[in-house]
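Please treat every number below as a calculation from the coordinates, not as lab data. Not measured: the values here are computed from a predicted model. Note that each Cβ is placed from the backbone with ideal geometry, even for glycine, and that neighbours are counted across all protein chains shown.
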Amino acid sequence: MSKEKIESVVEKLVSDIIADSALELVDAEYVKERDWYLRVFLDKEAGIEIDDCQWVSERLEAKLDEINLIKDHYYLEVSSPGLDRPLKKERDFIRHAGDKVEIKTYEPINEQRLFIGKLIGLADGDVRIEVDGQVVSIPREKTAQVRLHIEF
């Protein structure tokens, strides 16, 4: 089964598990590093807690064992996406409108590959941010990564 198919099935399983809770599925990824890892990232308005991760992990593990989805040996990790979480889904861009973001592009746009500004949102396939009072539109397909920007 393809990596994308596994991620899709896992997203559906997790969505069913958390349907009646305050938890939100941020992302699910099945990646090969030295070993295979199935990572599920959760969030909630008040912030994610270890008990939330354990609760989802136990239920997801039982479901995965029941349907025997993944044939490879893998490690299951359920966690928070972190303070500098990547924005991937449309709902991420809606939820974080007004927040400061950092956008890295695959190739330079106006001789620049890194943009930091206030997220306006998505419009017509572009990520729109405000940088120094100017609205900048970056085609989404040219964005390598969009993350919340954290200043220390």
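Model label sites at GLU11 and LEU83, defined 7 Å from Cα along the beta-carbon direction, differ in position by 2.8 nm. Database remark: amide H of GLN145 closer than 5 angstrom to the amide H of LYS104 (H placed geometrically; neighbours at sequence offset of 5 or more, or on other chains; Pro and chain starts carry no H). Among the listed pairs LYS5/LYS100; LYS3/LYS118; LYS118/LYS142; LYS100/LYS142, those with a Cα-Cα distance over 29 Å are LYS5/LYS100; LYS3/LYS118.
When a/c is below 1.5 the answer is rounded, else prolate if a/b is larger than b/c, else oblate, so apply that to segment 3-79 with a ≥ b ≥ c taken from the square roots of the Cα gyration tensor eigenvalues. Verdict is prolate for segment 3-79. Applying both filters, DSSP loop and at most 12 other Cβ atoms within 10 Å, to the GluC sites (Glu not before Pro) of segment 32-91 gives GLU33, GLU45, GLU49.
Against the empirical 2.2 N^0.38 Å scaling, what ratio does the C-alpha Rg of the chain come to? Expressed relative to 2.2 N^0.38 Å, the Cα Rg reads 1.17. Taking 0.36 nm per residue of sequence separation and removing the Cα-Cα distance, the LYS142/GLU24 pair yields an extension gain of 39.8 nm. Reducing segment 3-30 and segment 88-152 to their Cα centroids gives an inter-centroid distance of 25 Å. Here segment 75-117 is scanned for amide nitrogen atoms under 17 Å from the site 7 Å beyond the Cα of LYS44 along Cα-to-Cβ, giving 78-82.
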